[in-house]
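Visitor: Here it is, the structure, as C-alpha cells.
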Amino acid sequence: MSKELVLLEKSDHIATVTLNHPDSLNSLTYDMLLKFADVVKEVETDREIHAILLTGAGRGFCSGANLLARSGETLAAGGMGLRSTISEMNALLATIAEMEKPWIAAVNGPAVGGGCALALICDLVLAAEAAYFCVGYVNIGVVLDMGTSYILSRLVGSHKARELAFFGERIYGPQAEEMGLINRCVPDDALMETAREWASRLADGPSLALGAMKKLIYLGQQSTLRVALEREASMLSLISQTEDAAEGIMAFFQKRKPEFKGK
C-alpha cells in the first residue's frame with residue numbers, strides 16, 4: 001500500500017481520488033488535508049479531467065476530521081489553532097461544491113462526522129450496502145460542522161435533519177437511499193463498477209453544460225424562483241453558443257449519439 005495520504009489516478013477524463021490512511025478509516029488529519037487540497041487544485045485546473053470519483057482505501061470511506069494530528073504536533077483543543085484548521089477544511093469543501101466539474105462519492109464504508117459531510121458535499125453519492133453514514137457530532141458533545149447544517153436539511157428535510165443531528169445514529173446504505181440522503185445504494189461488490197460507470201457517463205457528457213447545471217442548482221438553493229429563472233435564461237444563452245450544444249442538437253436530428261468535446 002502506498003504511503004501517500006491521498007492517491008490520484010487519471011484515466012479517460014476521470015480523476016479517481018482515494019483517501020489513503022486505512023488504519024484510521026481514512027480520518028482527515030491536517031497532513032491529509034494539505035495533500036487533499038493539492039489534489040483538488042490539480043483536478044480543478046486540469047482541462048483533461050471532466051469528472052472526479054472520490055473514495056476511501058480499505059474498509060472505510062472517511063471516519064471524520066482528526067484535527068489533533070497536525071504534522072506530528074498537537075493542536076490546542078479550541079482557540080485560533082482549531083479555528084484556522086477548520087477554516088482550511090471548509091474552504092476545501094466549498095471548492096468542491098462550487099467547482100464546475102462533477103464529483104461522485106463512492107462510499108465504501110463508514111462515513112462519519114466530517115467524512116459524512118465530505119461525501120454529501122459531492123454532486124452524486126453512491127454507497128455500498130454495508131456502508132453507513134453518521135453525523136455523530138452529538139456523540140462527542142460538539143456541534144455540526146463542515147457544512148452539515150447547510151446540506152442535511154436540503155437533502156432530507158428539516159425534521160429528518162434534526163433527527164440525524166440530535167441522535168447521531170448510523171444510517172446504513174439502504175436506509176440512506178430510502179430517505180434521500182444519497183442517490184443510490186448498491187451491493188458492496190458493485191460499488192466501484194457502478195461509480196466508474198457513472199463517472200464515465202459524466203466524462204463523456206457535455207462538460208460545459210454539466211458545469212453550468214451544477215452551478216445553477218447550487219445557486220438555486222439560495223435564490224427565489226424569479227432569480228433562478230433569470231439565471232437559467234442567461235446560462236442557456238451562453239451554453240447554446242458552445243460547440244457541444246451544436247453537436248448535441250445536430251446529433252438529435254441525425255438520430256445518433258453525440259460526441260461531446262467540452263468546447
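Here, each number is a calculation from the coordinates, and none is a lab measurement. In this text, all values refer to a predicted model and were calculated from it rather than measured experimentally. Virtual Cβ from ideal backbone geometry, glycine too; neighbours counted across all protein chains shown.
Visitor: Of 120, 181, 238, which has the largest mean-square fluctuation in a 10 Å C-alpha GNM of the chain?
Guide: 238
Visitor: List the relative contact order of the chain as a percent without decimals, with contacts defined as Cα pairs under 8 Å and 6+ residues apart.
Guide: On the way: 470 pairs, mean separation 42.0, N = 263.
Worked out over the chain, it gives 16 percent.
Visitor: Of the listed peptides 239-247, 95-103, what is their order by residue-averaged count of other C-beta atoms within 10 Å, with the highest listed first? It would help to have the intermediate numbers written out before the result.
Guide: On the way: 239-247: 15.4, 95-103: 18.1.
Per-residue Cβ counts within 10 Å, averaged per peptide and sorted highest first, yield 95-103, 239-247.
Visitor: In deg cm²/dmol, rounded to 500, what helix-only [θ] at 222 nm does the chain give when every DSSP H run of at least 4 residues adds -39500 (n - 2.57) and the total is split over its residues?
Guide: Computed mean residue ellipticity for the chain: -14500 deg cm²/dmol.
Visitor: For the range 233-248, take each phi angle, set θ = phi - 60°, evaluate the Karplus expression 6.51 cos²θ - 1.76 cosθ + 1.60, and give the result in whole Hz per residue in order, putting x for glycine and proline.
Guide: Per-residue couplings from phi come out as 4, 5, 5, 4, 4, 6, 5, 5, 8, 7, 5, 4, 5, 4, 5, x Hz.
Visitor: Okay, next question. Sketch the reach of a paramagnetic label on residue 227 as a point 7 Å from Cα along Cα-to-Cβ, and name the residues of the range 144-180 whose backbone nitrogen lies under 18 Å away.
Guide: Of the residues in the range 144-180, 150-151, 154 have backbone N under 18 Å from the label point off residue 227.
Visitor: Right, something else. Can you work out ³J(HN,Hα) from phi for every residue in the range 186-192, in order, using Karplus 6.51 cos²θ - 1.76 cosθ + 1.60 and θ = phi - 60°, giving whole Hz and x for Gly and Pro?
Guide: Values, residue by residue: 10, x, 3, 7, 9, 4, 5 Hz.
Visitor: Scan [x] 15.3; [y] 14.6; [z] 12.8 for the value of mean projected area of the Cα convex hull in nm² calculated from this model and give just the label.
Guide: Correct label, based on the coordinates given: [x].
Visitor: Hey, another quick one. Structure shown: which of 35/263; 10/255; 215/261 lie over 25 Å apart, alpha-carbon to alpha-carbon? Intermediate results must be reported in sequence, preceding the final value.
Guide: Working: 35/263 30 Å; 10/255 32 Å; 215/261 20 Å.
Pairs exceeding 25 Å: 35/263; 10/255.
Visitor: Counting DSSP beta bridges in the chain, what percent are antiparallel, to the nearest 5?
Guide: Numbers: 9 of 29 bridges.
Beta bridges within the chain, antiparallel portion: roughly 30 percent.
Visitor: List the residues, sorted by chain then number, that are 5 or more residues from residue 53 or on another chain and whose placed amide H is less than 5 Å from its amide H.
Guide: Long-range HN contacts for residue 53: 15, 16, 17, 104.
Visitor: Taking the Cβ of each residue in 159, 21 as the centre, tally the other Cβ atoms inside 10 Å and list the residues starting with the fewest.
Guide: Working: 159 8, 21 25.
With the fewest neighbours first, 159, 21 line up as 159, 21.
Visitor: Return the aspartates and glutamates within reach of residue 160: Cα separation strictly under 16 angstrom, same-chain partners fewer than 8 residues apart disregarded; answer none if there are no such residues.
Guide: Candidates past the 8-residue exclusion: 169, 177, 178.
Visitor: Hey, in the GNM for the chain with a 10 angstrom Cα cutoff, which one of 104, 86, 140 fluctuates hardest?
Guide: Among 104, 86, 140, the largest mean-square fluctuation in the Gaussian network model of the chain belongs to 140.
Visitor: Can you sort 158, 223 so the residue with the fewest Cβ neighbours within 10 Å comes first? Spell out each step's value before the answer.
Guide: On the way: 158 10, 223 13.
Ascending Cβ contact count within 10 Å gives the list 158, 223.
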